[in-house]
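The values are calculated or read from the model by the stated rules, or taken from the named source; none is laboratory data. Since the structure is predicted, the reported quantities are computational estimates derived from the model, not experimental observations. Cβ placement follows ideal geometry from the backbone for every residue including glycine, while neighbour counts extend to all protein chains displayed.
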Amino acid sequence: MEKATQLSLAQIAQLIEGQLSGDASFEISSIARLDEARAGDITLVANQHYLKKWKASSASAFIVYQDFPATERNIIRVAQPFQAFYKIAAFFHKSHETLTPGIHPTAIIGEGTVLGEDISIGPSVVIGRDCKIGSHVKIHPGVVISDGVTVGEGSIIYQNVTIREDCRVGKNVIIHCGVVIGSDGFGFHKENNVFKKIPQLGFVIIEDDVEIGANCTIDRATVGTTRIGKGTKLDNLIQVGHNVVIGENTVIAAQTGIAGSTKIGDEVMMGGQVGLKDHIEVGDHAILGAQCGVTKSVPPNTMVSGYPAREHLKAKREEAIIRKLPELYKTIRNLQDQVERLSKIILQDLEQFILKITPLGSITTMNLQKISG
């Protein structure tokens, strides 16, 4: 593998619009975490919580906040350390690109397919007929793109992705390894006690600037479209059912499952392992806590958690009560025992009182029990 591109500290300071203190000519070869950085690396000290750690770091340079203490080590002061760090990370990520520009000889391109300019298609890629692949697209080894698919310019498709017939991928989309887009939705009807397959005639639309994590599956619609909105980010191992519509700039964490015909709004946030039933709606700006089970629609600007999913504060109160159930059960048992003991004492006292005020022999035990009862 070729040596990664290096940047001088002066170049990095210019890239992130920072104020350099140190050796401007020193060259940085990589970016790393504070506790893992080595000589030649640049790392991040975002706030005062990291002051104890940074002195022990082996990094050659540091991105720091504006009022960072004076030091003889190489530092670049910036107003927004995290954003600056991400800019440098993006540069080094590009420098590690291993896909060779052009079309590999083992790639198969179907008839009628139109390829844009400056594309990279790796080994063993199969592209079907009548596809449109935009300029600057990168398709890594083992990708299969079926007939009639459109891929917008600047998109990156990593190893072993499958995109089925007639699906549409927008511009600057990133699709990670093992993703399947446009597989049949889970549609069956029961006839004479046998499940019959419902033909899945629709397709999938992935809008611009979407990122799809490894091994996600996005099913084609039964009729119409399954849609992922612009700027939305899916983590790994997410299932999107047929006819699901996800709005713009929504983020969904790993292992979430979305059942068919569910509609999710814009700028929704979902934790890991969320489950959503079919034919419900999640409003804009809603937040769904990790592992919650969503069985009914969620209004906009609402935070829910738990199973079944309900308003977050209510769910936390209920969970707090549930955690106290063993203690509450013990308290109730103690109260029952006390009530029984008091009942016996009261009955004995009542018997004694009745015997004192009643002529001897005029009351029987059975009558006493009736009176005391």
ask   = Could we say that Glu27 is modelled with pLDDT under 95, among the acidic types (Asp, Glu) and out of contact with any strand residue (DSSP E or B) (no Cβ under 9 Å at 6 or more places or on another chain) here?
value = no
inquiry  = Given the condition crowded, with 19+ Cβ neighbours inside 10 Å and either farther than 29 Å from Val161 by Cα or without any contact (Cβ under 8 Å) to a residue 12 or more places away in the chain (or both), answer yes or no: does some residue in region 249-264 qualify?
reply    = no
inquiry  = When the residues of region 155-211 are narrowed to those that are touching a Cys at 6+ places or on another chain (Cβ under 6 Å) and closer than 15 Å to Gln239 by Cβ, which ends up surrounded by the fewest Cβ atoms within 10 Å (Cβ to Cβ)?
reply    = Val179
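When region 1-60 is examined, which residues are found to be of a type in the set (Lys, Arg) and farther than 17 Å from Ala89 by Cα?
Residues of region 1-60 that are of a type in the set (Lys, Arg), as a first pass: 3, 33, 38, 52-53, 55.
Within region 1-60, Lys52, Lys53, Lys55 meet the criteria.
Take the residues in region 221-264 that are hydroxyl-bearing (Ser, Thr, Tyr) and more than 13 Å from Glu211 (Cα to Cα), then tell me which one is farthest from the chain's Cα centre (by Cα).
Taking region 221-264 first, the residues hydroxyl-bearing (Ser, Thr, Tyr) are 222, 225-226, 232, 250, 256, 261-262.
Narrowing further to those that are more than 13 Å from Glu211 (Cα to Cα): 222, 225-226, 256, 261-262.
Details: Thr222: 26, Thr225: 23, Thr226: 19, Thr256: 7, Ser261: 20, Thr262: 17 Å.
Selected residue: Thr222.
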query = Looking at this structure, is His176 closer than 30 Å to Ser29 by Cβ and in contact with a Gly (Cβ under 6 Å, 6 or more places away or on another chain)?
reply = yes
query = Does Val304 satisfy the criteria of being in contact with a helix residue (DSSP H, G or I) (Cβ under 7 Å, 6 or more places away or on another chain), surrounded by 17 or more Cβ atoms within 10 Å (Cβ to Cβ) and aliphatic (A, V, I, L, M)?
reply = yes
query = Filtering region 57-79 down to residues that are surrounded by fewer than 16 Cβ atoms within 10 Å (Cβ to Cβ) and not hydroxyl-bearing (Ser, Thr, Tyr), which residue is nearest to Gln6 (Cα to Cα)?
reply = Arg73
query = Among (1) in contact with a Leu (Cβ under 6 Å, 6 or more places away or on another chain); (2) modelled with pLDDT of 85 or more, where does Ser372 come up short?
reply = (2)
remark   = Taking region 201-217 and keeping only residues that are within 15 Å of the chain's Cα centre (by Cα) and not small (Gly, Ala, Ser), one is left with Val210, Glu211, Ile212, Asn215, Cys216, Thr217
request  = Only one of these is touching a Leu at 6+ places or on another chain (Cβ under 8 Å) and either of a type outside the set (S, T, N, Q) or within 18 Å of Val149 (Cα to Cα) (or both): Thr226, Thr222. Name it.
outcome  = Thr222
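For region 126-153, how many residues are over 29 Å from the mean Cα position of the chain (by Cα), at negative phi and assigned to a loop (DSSP other than H, G, I, E, B)?
Count: 5.
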ask   = Just one of Asn249, Asn236 is farther than 17 Å from Thr217 by Cα and assigned to a loop (DSSP other than H, G, I, E, B); which is it?
value = Asn249
ask   = What are the pairs, 6+ residues apart or on separate chains, where a residue within region 33-49 that is within 17 Å of Phe82 (Cβ to Cβ) has its Cβ under 7 Å from a residue that is among the hydrophobic types (A, V, I, L, M, F, W, C) and surrounded by fewer than 16 Cβ atoms within 10 Å (Cβ to Cβ)?
value = Ala46/Phe82
request  = Filter region 265-287 down to residues that are farther than 16 Å from Ile212 by Cα, among the aliphatic types (A, V, I, L, M) and not in a loop (DSSP other than H, G, I, E, B) and give me whichever is nearest to the chain's Cα centre (by Cα).
outcome  = Ile287
request  = Taking Thr113 as meeting all but one of (1) surrounded by 16 or more Cβ atoms within 10 Å (Cβ to Cβ); (2) under 25 Å from Thr232 (Cα atoms); (3) among the polar types (S, T, N, Q); (4) not assigned by TED's automatic domain parsing to the domain that holds Ile238, write down the number of the exception.
outcome  = (2)
